[in-house]
Amino acid sequence: MSTISLKVEFGGGLELLFDNQRSHKLTLPARVPLDNSTSSPPSSPPSPQNNEYEGETKPVDVAYLVHWLRHHLLKERAELFMEGDTVRPGILVLINDTDWELEGEGEYVIKNGDEVVFIST
């Protein structure tokens, strides 16, 4: 299974929720479940005969990253990081130094080497 490597940073006090660590280098699967479940994606490998696999997954995006961070790195007070299925209001998200609103917000497909920064305002 292929993977995507990226850098995630937290600022504005948000790093306190993530074990006081500001910068993280992550490796995520290139394809993830449609529902953003952070458990393992389907074990069957993609193949021309297995078209269902393609339908059950999507390329890794920022929405999945937010869920993954909540389940794997967040140490306390999830309500200060997420509200519903996205980051809470007051958190600025930058993708490669660009506001995520200009990149499609949670639908932005993460590419190898991307940098995603979360800043509490």
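The values are calculated or read from the model by the stated rules, or taken from the named source; none is laboratory data. As the structure is a prediction and not an experimental result, all values here were calculated from the model. As a convention, Cβ positions derive from the backbone with ideal geometry for all residues, glycine included, and neighbour counts pool all protein chains shown. Please note that ligands, DNA and RNA were not included when accessible areas were found on the heavy atoms of the full protein model with its side chains. Shrake-Rupley method; radii C 1.70, N 1.55, O 1.52, S 1.80 Å.
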List pairs: first in the stretch 15-36 and closer than 17 Å to THR86 by Cβ and open to solvent by 90 Å² or more (accessible area, probe 1.4 Å), second at pLDDT below 95 and in a strand (DSSP E or B), Cβ under 9 Å, 6+ apart or cross-chain? LEU34/THR57; LEU34/LYS58
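Per-residue answers, yes or no, for (1) over 30 Å from ASP99 (Cβ atoms); (2) modelled with pLDDT of 90 or more; (3) in contact with an Asp or Glu (Cβ under 8 Å, 6 or more places away or on another chain); (4) not in a loop (DSSP other than H, G, I, E, B):
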position	(1), (2), (3), (4)
LEU16	no, yes, no, yes
HIS24	no, yes, yes, yes
LEU28	no, yes, no, yes
SER37	no, no, no, no
SER43	yes, no, no, no
PRO46	yes, no, yes, no
GLU52	yes, no, no, yes
